[in-house]
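Notes follow the structure.
Throughout, read-outs are computed from the coordinates displayed, never taken from laboratory work. Everything numeric here is computed off the predicted structure, so don't read it as measured data. Quick reminder, even Gly has a Cβ in these numbers, built from the backbone with ideal geometry, and neighbours come from all protein chains shown.
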Amino acid sequence: MKEISYESITKFQLEFKKLEKKFRTLSDDLEMAKKAAIELFHIKKLNNQSVFPIPSFCLETVLVYKLKKFACRALKGKGNKSGIRIIYAFYPAENRVVFIEIYYKADKENENYERIREYLKNKS
């Protein structure tokens, strides 16, 4: 079974650092999400209702997903309904994930469609 390689764009890294100051467990929580949601969905083909495609951004070579069920231990009592969302691009041919955006729903309601468009335009 091929492992997934992970990358992230600069804006994701900046958002992540900012959120990590607020939620200290974020780094460990992301590692857990990679195994419990992303790899489960893409490698083992198990859908635990945590990963959702964003249809308007799914192309032949790259698929864009939103990870909704993200358990953040710093948000006690919330479980996987923490409100943290991650937008990422998945390249099935390469088994590669590129993180595009991370946000906390209390701060921002939806993903930045313009950023996704820009990312896809620069990658094609």
Inset, instruction - Rounded to whole Hz and in sequence order, give me ³J(HN,Hα) for the range 113-122 from the Karplus expression 6.51 cos²θ - 1.76 cosθ + 1.60, θ = phi - 60°, writing x for Gly and Pro. - result: 4, 4, 5, 5, 4, 4, 4, 5, 5, 6
Inset, instruction - Could you list which residues have their amide H under 5 Å from that of Glu101, counting only those 5 or more apart in sequence or on another chain, with H placed in the peptide plane? - result: Ile87
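Give the residue list of trypsin sites (Lys or Arg not before Pro) in the range 37-124 that are DSSP loop and have at most 15 other beta-carbon atoms within 10 angstrom. Mind dumping the intermediate values first?
Values: sites: Lys44, Lys45, Lys66, Lys68, Lys69, Arg73, Lys76, Lys78, Lys81, Arg85, Arg96, Lys105, Lys108, Arg115, Arg117, Lys121, Lys123; in loops: Lys44, Lys45, Lys68, Lys69, Arg73, Lys76, Lys78, Lys105, Lys108.
Sparse-neighbourhood loop trypsin sites (Lys or Arg not before Pro): Lys44, Lys45, Arg73, Lys76, Lys78, Lys105, Lys108.
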Legend entry - From the C-alpha gyration tensor of the range 5-123, square roots of 5λ in Å: 22, 17, 13
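Note down the relative contact order for the range 23-124 as a percent, whole number, built from C-alpha pairs under 8 angstrom at least six residues apart. Intermediate values should be presented prior to the final figure.
Values: 152 pairs, mean separation 19.5, N = 102.
Reported relative contact order: 19 percent.
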Inset, instruction - Report, ordered by chain and residue number, the aspartates and glutamates lying within cross-link reach of Lys69, taken as a straight Cα distance under 19 Å and ignoring same-chain residues fewer than 8 apart. - result: Glu15, Glu20, Asp28, Asp29, Glu31, Glu39, Glu101, Asp107, Glu109, Glu111
Legend entry - Cα lying deepest toward the dipole's positive end in the chain, options Phe12, Ala74, Phe99, charges on Cβ: Ala74
Legend entry - Loop GluC sites (Glu not before Pro), the range 1-108, which have at most 16 other Cβ atoms in a 10 Å radius of their Cβ (DSSP): Glu3, Glu60, Glu94
